[in-house]
1. Tell me the relative contact order for region 71-156 as a rounded percent, counting alpha carbon contacts under 8 Å between residues six or more apart.
2. Kindly write out, for region 130-141 in residue order, the coupling ³J(HN,Hα) from the Karplus curve 6.51 cos²θ - 1.76 cosθ + 1.60 (θ = phi - 60°), rounded to whole Hz, with x marking Gly and Pro.
3. What spacing in nm lies between the two simple spin-label points modelled at E47 and I70, each 7 Å away from Cα in the Cβ direction?
4. Quick one: accessible area per residue over region 44-156, 1.4 Å probe, rounded to a whole number of Å²?
5. Report the label-to-label distance for S34 and Q83 in nanometres (one decimal), using points 7 Å from each Cα along the Cα→Cβ vector.
6. Using a Cα-Cα cut-off of under 16 Å, which aspartates and glutamates could be cross-linked to K25, ignoring same-chain neighbours fewer than 8 residues away?
7. What's the extension gain from Q55 to D91 if we count 0.36 nm per residue and subtract their Cα-Cα distance?
8. Using a basic spin-label model with each label point 7 Å from the Cα along Cα→Cβ, how many nm lie between E126 and I150?
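The values are calculated or read from the model by the stated rules, or taken from the named source; none is laboratory data. Since this is a predicted model, take the numbers as computed values, not measurements. FYI the Cβ positions are ideal-geometry reconstructions off the backbone, even for glycines, and counts take in every protein chain you see. Remember, those area values only see protein heavy atoms, side chains included, never the ligands or the DNA or RNA. Shrake-Rupley method; radii C 1.70, N 1.55, O 1.52, S 1.80 Å.
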Amino acid sequence: MDTLQIAMNICSTFGVSGLLLFFIKRHYDKKDESLKEGKQERKEIKEAIEKIAKQNEEQYQMIASQNDKITSLSNDIKALREQGNQNSQADRDMLRDAMLRIYHNCYEVKGWISVNDLESFQHMFESYTALHGNGMIPSVREKILSLPTIPPENKS
């Protein structure tokens, strides 16, 4: 019986250790599987973050491009305003010159003003004041408005 008992002891020993090995291996396999799933999740999260970062970079580039366009348009608007101011100044100067010519011809030379010249002067004066013209032109207008619209009769 000694042999049988030894054989049983060996079988039981190997059986228990076999079962122990089976459970230990199963435990570590589950752990490895869990780690693999964790790695896969981390990999997916990393890919999602990289995708978002790429989208953010594209959006930043688009915003920078739009900002450049806005700056360019703003500079164009400033240039157009400056040009408009220069044009307004030139228009004001031409209107002033034309009104002074009418004044000289009608007030100082002829002593009367035709209805057409008076209407022209009035339109020029309105445009001149709309362009923020000032100075001596209002007093010139008063003198022009005091002129008769019918020529004086010739003294013969």
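1. Taking the mean separation of contacting Cα pairs over the length of region 71-156, I get 37 percent.
2. For region 130-141, the Karplus curve yields 5, 8, 6, x, 8, x, 8, 4, x, 6, 5, 4 Hz.
3. According to this spin-label approximation, the distance is 3.6 nm.
4. Details: 8760 Å² over 113 residues.
On a per-residue basis, 77 Å².
5. Using points 7 Å along Cα→Cβ, the separation is 7.4 nm.
6. E33
7. Numbers: separation 36, 0.36 × 36 = 12.96 nm, distance 5.28 nm.
Working it through step by step, the gained length comes to 7.7 nm.
8. Each label point lies 7 Å from its Cα, and together they span 2.7 nm.
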